[in-house]
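Okay, structure first, notes after.
The values are calculated or read from the model by the stated rules, or taken from the named source; none is laboratory data. Computed from a prediction, not measured in an experiment: that's the story for all the values here. Virtual Cβ from ideal backbone geometry, glycine too; neighbours counted across all protein chains shown.
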Amino acid sequence: MLKVKPADGYPPEEGRYVRGNDYSPVVVCTILDTFDWAIPSELNELVMSGADTGAALSGMLQTENIGLEKIICNIVANPNIRYIVLCGRESTGHLPGESLLALKRNGVDDTKRIIGSTALTPYLSNIPIELIDRFNQQIVTIINLLCQPGERDTRVPGLNPKVVQEAVRSCYQENPVVFMDYTLYDMGAYPEPAIYHKIVSKLVQPQSPPEATQPGKSKMGMGLALHKLLPKTDCKKCGKKTCLAFAIDLAKGKSRLEECPMLHQPEFAGDRMALVKLLE
Ligand code: SF4
């Protein structure tokens, strides 16, 4: 069975993940549905169970644009990776799980928008289209264990570390095994060289704002458009009770973008640029 050495410098992108066995055919992708710095313990357990069971990488996905771009870069740098186990619960703010599944199913259009994603900014603007195509060819199956938003029951498959472990183990069996609706086995590395690509332009090339977020005529319309691009955690760190209150004050010129500390996190770089454009 073909196994290859990952690209020098693998994995090229940093993130909230654990590196495991470079020759494993599977990564675990757990949706992070909170914007607090502390990761919920049940999600942390999923990540660690993936790494402990032999995944190549096991980590968090938070956003439908830069988060996905980083995953693509790290996967194409290691042709041994052929499967993604998708778990955790969907994040209503960014819909990263839905976007990952739509990317695999439909690819992207000419503007590098993920076809079929209903997220606000599902644009993979910072990576070449060839990289996206290669990702879709290299990954043969996404094992979808994703739960509904807000799910808390850790017995359901997508929040159950034992089920995630079983999914990971199934992917590296020499002979096909049936796991839920999937037939899985280690088919060996993708037969093309590893690609090393690092995102360098994420602060230069803003995510395109969706049509629905073009400035409206009223302050309220503008506030609603701005709200769509805010983190929507209602964390109150800006001094407002909600992101919507902050958005309306932004529209009225009573607040400034800099007052939302969440927007300084790298995951929101694209949204921040889109907000700047709307406020111009
Ligand atoms: S706008 Fe305010 S409430 Fe919303 S994420 Fe930023 S700091 Fe938190």
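Observations, loosely collected:
- Number of the condition not met by D133 [criteria: (1) part of a helix (DSSP H, G or I); (2) out of contact with any Lys or Arg (no Cβ under 8 Å at 6 or more places or on another chain); (3) under 21 Å from L184 (Cα atoms); (4) not β-branched (V, I, T)]: (3)
- Test: residue in region 262-278 that is more than 18 Å from I66 (Cα to Cα) and assigned to a loop (DSSP other than H, G, I, E, B): no
- Near pairs, Cβ below 9 angstrom, 6+ apart or cross-chain, from region 231-255 (farther than 23 Å from A119 by Cα) to any residue that is at pLDDT below 85 and within 8 Å of the ligand (Cβ to nearest atom): K240/D234; K241/D234
- Considered as a group, the residues in region 236-264 that are surrounded by fewer than 16 Cβ atoms within 10 Å (Cβ to Cβ) and under 21 Å from L120 (Cα atoms) include one that is nearest to the ligand (Cβ to nearest atom), and that residue is P261.
- Residues of region 63-75 classified as of a type in the set (S, T, N, Q) and either surrounded by fewer than 24 Cβ atoms within 10 Å (Cβ to Cβ) or more than 13 Å from D271 (Cα to Cα) (or both), total: 1
- Cβ-Cβ distances below 8 Å connect the following pairs, each with a first residue in region 100-121 that is touching a residue at least 40 places away in the same chain (Cβ under 8 Å), a second residue that is among the aromatic types (F, W, Y), and a separation of six or more residues or different chains: T111/Y123; R113/Y123; I114/Y123.
- Matching entry among Y17, Y83 (being among the aromatic types (F, W, Y), closer than 21 Å to D133 by Cα and surrounded by 23 or more Cβ atoms within 10 Å (Cβ to Cβ)): Y83
- Counting only strands (runs of 3 or more DSSP E) that sit completely within region 9-113, those holding 2 or more residues that are β-branched (V, I, T) and at pLDDT 95 or above correspond to 26-31, 83-88.
- Close pairs (6 angstrom Cβ cut-off, 6 or more residues apart or separate chains): in the same structural domain as P79 (by TED's automatic domain parsing) and hydroxyl-bearing (S, T, Y) in region 2-24, surrounded by fewer than 18 Cβ atoms within 10 Å (Cβ to Cβ) and in a loop (DSSP other than H, G, I, E, B) anywhere: Y23/K3
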